[in-house]
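The values are calculated or read from the model by the stated rules, or taken from the named source; none is laboratory data. Source: prediction; values computed, not measured. Heads up, the Cβs are rebuilt from the backbone with ideal geometry, glycines too, and the neighbour counts pull from every protein chain shown.
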Amino acid sequence: MKLLKPQIIRKKIKAKLSPANLPLDRINEVWGYYDLGVLEQVRSPDAGKRSDTVLIKSSKGNFALKAYTPHLGQDGILFEHSVIQFLQTVNYPTPGLIENRLGQTVTHMADRSYACYKFAKGERYTDYFLSPKTSELMLRQSARALAEYHLLIKDFLPDGHKAEGFQPGTCQRERGKDWYLNELALVYTVLFYNNLEEASRLMGKKVSAIMDQWLTIQSEFIDLHDRLEGVDPPPLPILAIHGDFGPYNLLFHRNKLSAVLDFECTHLDWRLTDVLSALVRFCRRRQGDLNQAMAATFLANYQSIWPLEPAEIEAAQSVFKLARYHNVIKALSKYRLTGQEDSLQAAEASLAQILSPGRLTLADTLGCIFKGKA
């Protein structure tokens with residue numbers, strides 16, 4: 001018998017007692033665009049409010065209704081939906097999109113866009129206390145599922161457009177080196193140089209930590225970019241990565257993977273970026289470091305489906321660092337535009353994974369793991 005973890009029990013209780021993530025009148029209005037029966041029950045997902053998604057029970061079955069944030073745009077939604085529709089044609093386990101009465105997979109209303117998905121049966125294995133043997137079984141399946149996804153999608157070019165990642169058919173990013181350096185300069189000038197007292201009040205030592213390492217952030221970003229995306233970049237495979245492949249986006253039924261969820265973050269990028277991010281999400285311990293045995297198991301199972309190329313193994317640590325510097329600068333940029341303090345916290349968290357004087361970082365650990373594979 002499986003036992004739920006206490007924090008998951010609390011989330012489930014909260015989800016049942018809390019109102020749905022979307023207003024009921026809007027849900028009813030959107031539901032009218034679909035031929036899916038009479039709406040009977042609406043509730044928030046057990047995982048909480050990570051996104052504006054509700055689970056719906058109707059006279060014709062169970063479904064999930066998702067409201068997209070405006071920043072994604074119509075081209076971004078089209079990109080995601082074309083990936084999902086392609087995966088359906090090759091029988092990859094992801095919930096299918098349901099067309100509305102107009103034959104479209106997206107419903108536009110007011111300032112939001114909505115999509116309806118088939119209900120995916122299963123549970124997140126990390127929600128339960130499991131034996132080491134069962135946990136390893138789930139980890140192995142997860143790694144193979146990521147490799148299978150990459151292998152299936154590698155030659156598919158999605159419709160639409162994403163502001164993140166590479167431009168189709170090129171090694172040029174939508175946001176290039178100049179964009180990141182300009183944002184870095186703007187953040188420094190607007191936030192810290194002109195308003196250091198206020199910034200320090202808001203974030204205390206976090207602002208000081210970022211300021212103390214400002215020149216290092218800038219110089220390391222330039223060096224990594226020029227080595228990986230300069231005039232002679234290494235041959236790293238580019239494809240439509242998942243972008244958020246973690247335990248929270250996988251469902252299992254009777255100890256077998258039943259669904260891979262949430263392709264909203266999919267974009268054209270090095271497949272290595274997806275592998276490295278997944279290693280951190282699946283194998284990071286509470287202390288913040290990486291469980292190297294778990295990481296080795298994950299990597300070995302990925303390799304059994306579609307082995308990484310020598311150039312990818314060689315570039316792994318540098319790719320991880322560059323991706324995190326991208327995250328640092330984008331989070332600082334978001335703070336400059338919105339003033340949201342959690343954006344500064346996100347920048348600090350990403351920076352600590354690659355630049356933390358006096359202690360081993362995640363980037364260092366990943367470098368050691370991949371050197372063992374070279």
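ALA143 is checked against (1) part of a loop (DSSP other than H, G, I, E, B); (2) in the same structural domain as LEU236 (by TED's automatic domain parsing) and fails just one. What number does that condition carry?
Status for ALA143: all satisfied but (1).
Identify, please: which residue in segment 113-146 is without any contact (Cβ under 8 Å) to a residue 60 or more places away in the chain and crowded, with 16+ Cβ neighbours inside 10 Å and is, among those, farthest from TYR33 (Cα to Cα)?
LYS118
Of all residues in segment 88-108, how many are over 17 Å from GLY32 (Cα atoms), part of a loop (DSSP other than H, G, I, E, B) and of a type in the set (Val, Ile, Thr)?
2
Does segment 326-335 contain at least one residue that is in a loop (DSSP other than H, G, I, E, B), touching a residue at least 24 places away in the same chain (Cβ under 8 Å) and surrounded by 14 or more Cβ atoms within 10 Å (Cβ to Cβ)?
Within segment 326-335, not a single residue is in a loop (DSSP other than H, G, I, E, B), touching a residue at least 24 places away in the same chain (Cβ under 8 Å) and surrounded by 14 or more Cβ atoms within 10 Å (Cβ to Cβ).
What pairs can you find where one residue is in segment 33-45 and over 16 Å from THR107 (Cβ atoms), the other is part of a loop (DSSP other than H, G, I, E, B) and of a type outside the set (Gly, Ala, Ser), and their Cβ atoms are less than 6 Å apart, with a gap of 6+ or different chains?
Cβ pairs passing all conditions: GLY37/LYS60; SER44/ASN21.
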